[in-house]
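Remarks on the structure that follows.
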Amino acid sequence: MARRIVGSAAAVMLLALAGGLMAAGGSQSLRSAGARIGILAGAAAAPQHFSDPNYTATLIRDYSMIEPENQMKWRATEPARGQFNFRPGDELVRFAQAHGMKVRGHNLLWAKFNPAWLYRGHFTPAQLREIMRQHITRVAGHYAGRVFAWDVVNEAFDREGHLRHSIWYDRPGIGLAGDGTAYIAQAFRWAHAADPKALLFYNDFDAEGINAKSDAIYAMVKDFKARGVPIDGVGLQAHLGLNAAGVSQLAANIARFGGLGVQVQITELDVRVPVNAQGQLLSSNELARQAKVYGRVAEACAQEPACTAFQTWGFTDRYSWIPHHTHEKFGFALPFSSAYKPKPAYYAILSAFKKAERNRSVTGQRIRLERERLR
Ligand code: 9MR
């Protein structure tokens with residue numbers, strides 16, 4: 001009798017433990033639910049937080065892919081001309097490898113957040129062309145075989161779908177000013193030469209819906225595919241708010257890129273929520289509204305075979321660019337609380353992935369396409 005009681009108490013404890021694990025992601029993690037439908041579950045991460053055991057435990061449990069939030073950007077990798085620093089990026093790669101995660105590289109070329117030496121150098125187009133070639137070659141070459149996909153060019157179009165002015169395009173540019181997307185094509189060619197196996201992406205924000213910007217990206221991808229410029233995918237950042245108008249067209253937008261033979265990855269999803277002067281939520285209803293947006297993005301990605309990754313920009317409200325960037329007017333943008341508790345947004349993603357699991361034909365198509373691409 002006594003033994004039976006001990007036995008059943010142990011069973012109850014086991015059940016409770018299993019329940020606790022499930023609640024915290026455990027056997028139902030984003031990572032495993034994503035894997036079952038052929039989607040990588042990703043998060044932007046930063047090695048300076050690796051000393052926080054809650055941070056690493058959450059990453060390892062719930063994510064199959066990480067991307068350095070800042071460590072592979074130009075300012076980090078080439079702080080002085082011709083002098084490369086791969087230490088922080090390497091640390092992130094080592095962490096990913098130790099835990100069976102893929103690494104998305106971000107990014108090889110951007111108009112913003114470059115080192116001062118680049119802006120102040122008064123380089124000629126010929127010099128800039130050589131600086132750009134060397135940078136892409138060195139960085140993509142260093143990470144060859146360890147970074148499976150690169151954002152080769154980041155945020156080159158404005159909201160009207162025109163090319164933004166930039167040091168690479170026309171100020172002064174690498175000698176291709178006025179030649180439309182030629183400088184972008186050049187970046188992709190150099191990246192491909194440095195790492196022929198990496199998947200090469202163009203990445204931008206506010207292009208989730210069908211609008212002037214996503215139309216311009218679509219036209220560029222179509223042109224690149226027709227001319228054999230090596231492009232494999234489009235990254236849709238998805239920095240969203242509670243209204244997130246473009247999300248209703250997200251599935252259709254992903255489908256049209258799929259029709260061009262490229263994949264789409266959700267690369268930087270976060271959903272900002274307004275906060276009061278004390279930095280608190282206006283009401284708990286906001287988190288339910290936020291979860292709806294997360295769920296809709298996850299559903300759109302899961303239902304389209306071209307969508308191969310679902311990544312958020314960070315994962316815990318403890319570390320997010322949103323409060324600082326919005327002068328503390330918004331916050332709470334990510335799927336885990338600052339205490340690493342899964343929020344309604346987390347469960348919305350999980351349930352969208354599980355719902356998609358029932359639709360095996362989409363998963364089958366996605367996996368088959370992915371294999372063909374990697375061949
Ligand atoms: O979150 C990033 C922040 O910490 C950096 O200060 C900033 C500049 O490098 O970049 C932020 O990340 C951006 C990403 O690289 C590109 N898309 C927009 C992201 C948010 O600004």
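The values are calculated or read from the model by the stated rules, or taken from the named source; none is laboratory data. All of these numbers come straight from a predicted model, not from anything done at the bench. Reconstructed Cβ throughout: ideal geometry from the backbone, glycine too, with neighbour counts over all protein chains shown. Note: accessible area is taken over every heavy atom of the protein model, side chains too, but ligands, DNA and RNA are not part of it. Shrake-Rupley method; radii C 1.70, N 1.55, O 1.52, S 1.80 Å.
Which of the residues that make up the stretch 44-83 are among the acidic types (Asp, Glu), open to solvent by 10 Å² or more (accessible area, probe 1.4 Å) and more than 16 Å from the ligand (Cβ to nearest atom)?
Matches in the stretch 44-83: 52 only.
Which members of the stretch 193-215 meet the condition of being of a type in the set (A, V, I, L, M, F, W, C) and surrounded by 22 or more Cβ atoms within 10 Å (Cβ to Cβ)? Break it down stepwise before answering.
First, the residues of the stretch 193-215 that are of a type in the set (A, V, I, L, M, F, W, C): 193-194, 198-201, 205, 207, 210, 212.
Those that are of a type in the set (A, V, I, L, M, F, W, C) and surrounded by 22 or more Cβ atoms within 10 Å (Cβ to Cβ): 198, 199, 200, 201, 207.
Between a first residue in the stretch 149-173 that is open to solvent by 10 Å² or more (accessible area, probe 1.4 Å) and a second residue that is of a type in the set (Lys, Arg) and assigned to a loop (DSSP other than H, G, I, E, B), which pairs have beta carbons less than 6 Å apart while being 6 or more apart in sequence or on different chains?
158/164; 165/171
Among the residues that make up the stretch 220-232, is at least one of them among the small types (Gly, Ala, Ser), away from the ligand (no atom under 16 Å from the Cβ) and touching a residue at least 40 places away in the same chain (Cβ under 8 Å)?
Checked against the condition, which is being among the small types (Gly, Ala, Ser), away from the ligand (no atom under 16 Å from the Cβ) and touching a residue at least 40 places away in the same chain (Cβ under 8 Å), the stretch 220-232 yields no hits at all.
Criterion first (in contact with an Asp or Glu (Cβ under 8 Å, 6 or more places away or on another chain) and farther than 30 Å from residue 186 by Cβ) does residue 305 satisfy it?
Here the answer is no, as residue 305 does not meet what is asked.
Would you point out the residue of the stretch 217-241, among those that are open to solvent by 20 Å² or more (accessible area, probe 1.4 Å) and hydrophobic (A, V, I, L, M, F, W, C), that is farthest from residue 112 (Cα to Cα)?
The selected residue is 226.
Of the numbered conditions (1) open to solvent by less than 50 Å² (accessible area, probe 1.4 Å); (2) closer than 21 Å to residue 202 by Cβ, residue 112 satisfies every one except a single condition; which is it?
It is condition (1) that residue 112 fails.
Please give the number of the condition residue 232 fails out of (1) in contact with a helix residue (DSSP H, G or I) (Cβ under 8 Å, 6 or more places away or on another chain); (2) under 30 Å from residue 344 (Cβ atoms).
Here residue 232 meets the rest and fails (2).
Using the structure shown, decide if residue 146 is in contact with a helix residue (DSSP H, G or I) (Cβ under 7 Å, 6 or more places away or on another chain) and basic (Lys, Arg).
In short, yes.
Those residues that are within 13 Å of the ligand (Cβ to nearest atom) and either open to solvent by less than 10 Å² (accessible area, probe 1.4 Å) or part of a strand (DSSP E or B) (or both), I need them from the stretch 316-329; list them, please.
Of everything in the stretch 316-329, just one residue is within 13 Å of the ligand (Cβ to nearest atom) and either open to solvent by less than 10 Å² (accessible area, probe 1.4 Å) or part of a strand (DSSP E or B) (or both), namely 322.
Output the residue which, of all residues in the stretch 90-135 that are within 16 Å of the ligand (Cβ to nearest atom) and part of a loop (DSSP other than H, G, I, E, B), is farthest from residue 182 (Cα to Cα).
Ranking the qualifying residues of the stretch 90-135, first place goes to 115.
Every residue in the stretch 258-272 that is surrounded by fewer than 24 Cβ atoms within 10 Å (Cβ to Cβ) and hydrophobic (A, V, I, L, M, F, W, C), please.
Once the filter is applied, which keeps residues that are surrounded by fewer than 24 Cβ atoms within 10 Å (Cβ to Cβ) and hydrophobic (A, V, I, L, M, F, W, C), the stretch 258-272 yields 260, 262.
Of everything in the stretch 189-206, what is in contact with a Gly (Cβ under 8 Å, 6 or more places away or on another chain), on the phi < 0 side of the Ramachandran plot and within 16 Å of the ligand (Cβ to nearest atom)? Give them in sequence order.
Of everything in the stretch 189-206, those that are in contact with a Gly (Cβ under 8 Å, 6 or more places away or on another chain), on the phi < 0 side of the Ramachandran plot and within 16 Å of the ligand (Cβ to nearest atom) turn out to be 201, 202, 203, 204.
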